[in-house]
Amino acid sequence: QVQLVESGGGLLQAGGSLRLSCAASGLRFRFYAMGWFRQTPGKEREFVAAVSGSDGSTDYADSVKGRFTISRVNANNMVYLQMNNLKPEDTAVYYCAARIIGTMSQRSQEYTYWGQGTQITVSS
């Protein structure tokens with residue numbers, strides 16, 4: 001079965017950096033678009049970044065553009081989210097997601113598989 005396992009979350013101060021990792025298994029990884037989403041209590045899951053399965057194109061939410069970088073290593077079935085200059089408003093549970101179609105999407109409904117999430121807390 002498909003599994004997505006996130007790691008790398010934690011507690012840090014504003015201005016700091018963190019890298020999230022997502023290990024995928026049970027799927028033909030290079031054919032899937034991969035995304036990162038985040039969610040805070042009482043709010044809908046929010047798009048953060050995505051990377052296509054075909055040519056590695058990327059897409060970002062305006063709120064993280066210039067600070068976050070998504071990347072993937074198909075040979076290792078891994079996707080990463082490098083987060084720099086973190087702000088308190090970045091505090092959330094971050095989820096890795098896989099979309100069967102290799103093109104990117106910002107809509108969470110279009111992703112089929114999800115990880116369990118990892119908490120990031122940024123203090124001011």
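The values are calculated or read from the model by the stated rules, or taken from the named source; none is laboratory data. What you are looking at is a predicted structure, and each value in this text was computed from that prediction instead of being measured. With ideal geometry, Cβ positions are generated from the backbone for all residues, glycine too; neighbour counts draw on all protein chains shown. All accessible areas refer to the heavy atoms of the entire protein, side chains included, with ligands and DNA or RNA removed. Shrake-Rupley method; radii C 1.70, N 1.55, O 1.52, S 1.80 Å.
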For the range 1-53: of the residues being farther than 17 Å from residue 108 by Cβ and among the aromatic types (Phe, Trp, Tyr), which is least open to solvent (accessible area, probe 1.4 Å)? 29
For the range 6-26, name all the residues that are closer than 11 Å to residue 113 by Cβ and in contact (Cβ under 8 Å) with a residue 40 or more places away in the chain. 22, 24, 25
If you scan the range 79-103, which residues turn out to be in a strand (DSSP E or B) and either under 11 Å from the mean Cα position of the chain (by Cα) or not aliphatic (A, V, I, L, M) (or both)? 79, 80, 81, 82, 83, 93, 94, 95, 96, 97, 98, 99
Among (1) within 19 Å of residue 32 (Cβ to Cβ); (2) modelled with pLDDT of 95 or more, which single condition is residue 100 missing? (2)
Only one of 80, 94 is crowded, with 22+ Cβ neighbours inside 10 Å, within 21 Å of residue 5 (Cα to Cα), of a type in the set (Ser, Thr, Tyr) and at pLDDT 95 or above, namely 94
Residue 64 vs. criteria within 12 Å of residue 104 (Cβ to Cβ) and out of contact with any Gly (no Cβ under 7 Å at 6 or more places or on another chain): no
Looking at residue 106 and the list (1) surrounded by 15 or more Cβ atoms within 10 Å (Cβ to Cβ); (2) part of a strand (DSSP E or B), which single condition is not satisfied? (2)
Only one of (1) more than 25 Å from residue 65 (Cβ to Cβ); (2) within 16 Å of the chain's Cα centre (by Cα); (3) basic (Lys, Arg) fails for residue 28. Which number is that? (2)
Scan of the range 54-77 for residues that are among the charged types (D, E, K, R), touching a helix residue (DSSP H, G or I) at 6+ places or on another chain (Cβ under 9 Å) and surrounded by fewer than 18 Cβ atoms within 10 Å (Cβ to Cβ), ordered by number: 67
